[in-house]
Amino acid sequence: QVQLVESGGGSVRPGGSLRLSCAASGIFNSINAMGWYRQAPGQQRNLVAVITEGDSTNYATSVRGRFTISADSAKNTVYLQMNYLEPEDTAVYYCNMMSALRSYWGQGTQVTVSS
C-alpha cells in the first residue's frame, strides 16, 4: 500500500514563508513525477508545482518566482518552499505522486495566510 505523508502546513502572515514536505512509502515502481496541488473552499483542485524524475519543474503562474519545488529521490520525498505568501495562497495543499501511470494522493495539509 502506497502512502504519502505531508507535513509543514500552518498559519502565517502575508509575506511569510512555509516549507511543505511529502514522503512516499510503500511498494511502488519508480516515481515518474511528484507535485503539489491546492484546493481552496468552493474551488477545484489546481496544480501548484510539479517535478519530474528528470528534475524538470513546472509552476502555476500565480506562484512562479515565489515557490520552489525540490525532491530527494533517495528519500522519496518532495518539498515545496513557499515564500512571500499571500492570502490568496490559503488552501489545502495536496501531495501527488505519479508512478507507472498510477496517481497517488496525500491527505492534505492546511495553509492559511492571514494578517
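The values are calculated or read from the model by the stated rules, or taken from the named source; none is laboratory data. In this text, all values refer to a predicted model and were calculated from it rather than measured experimentally. Counting neighbours? That spans all protein chains shown, and the Cβs are built from the backbone with ideal geometry, glycine included. The area values use the complete protein model at the heavy-atom level, side chains included, leaving out ligands, DNA and RNA. Shrake-Rupley method; radii C 1.70, N 1.55, O 1.52, S 1.80 Å.
Answer yes or no as to whether Glu86 is within 24 Å of Pro14 (Cβ to Cβ), among the acidic types (Asp, Glu) and in contact with a strand residue (DSSP E or B) (Cβ under 8 Å, 6 or more places away or on another chain).
yes
Quickly run through region 1-10 and pick out the residues that are small (Gly, Ala, Ser) and surrounded by 14 or more Cβ atoms within 10 Å (Cβ to Cβ).
Gly8, Gly9 - these are the residues of region 1-10 that are small (Gly, Ala, Ser) and surrounded by 14 or more Cβ atoms within 10 Å (Cβ to Cβ).
Across region 27-41, what is the number of residues that are modelled with pLDDT of 90 or more and polar (S, T, N, Q)?
Summing the residues that are modelled with pLDDT of 90 or more and polar (S, T, N, Q) in region 27-41 gives 2.
Table: residues versus (1) of a type in the set (Asp, Glu); (2) in contact (Cβ under 8 Å) with a residue 24 or more places away in the chain.
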{"position": "Val5", "(1), (2)": "no, yes"}
{"position": "Leu18", "(1), (2)": "no, yes"}
{"position": "Cys22", "(1), (2)": "no, yes"}
{"position": "Asn46", "(1), (2)": "no, no"}
{"position": "Glu53", "(1), (2)": "yes, no"}
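Quick check on this structure: which one of Ala24, Ala60 is among the aliphatic types (A, V, I, L, M) and under 22 Å from Ser99 (Cβ atoms)?
Ala24
State the number of residues belonging to region 10-37 that are farther than 20 Å from Ser56 by Cβ and in contact with a helix residue (DSSP H, G or I) (Cβ under 8 Å, 6 or more places away or on another chain).
So the count comes out to 2.
Which of the strands (runs of 3 or more DSSP E) contained wholly in region 11-115 include at least 3 residues that are open to solvent by less than 50 Å² (accessible area, probe 1.4 Å)?
18-25, 33-39, 46-52, 67-72, 77-82, 91-99, 109-113
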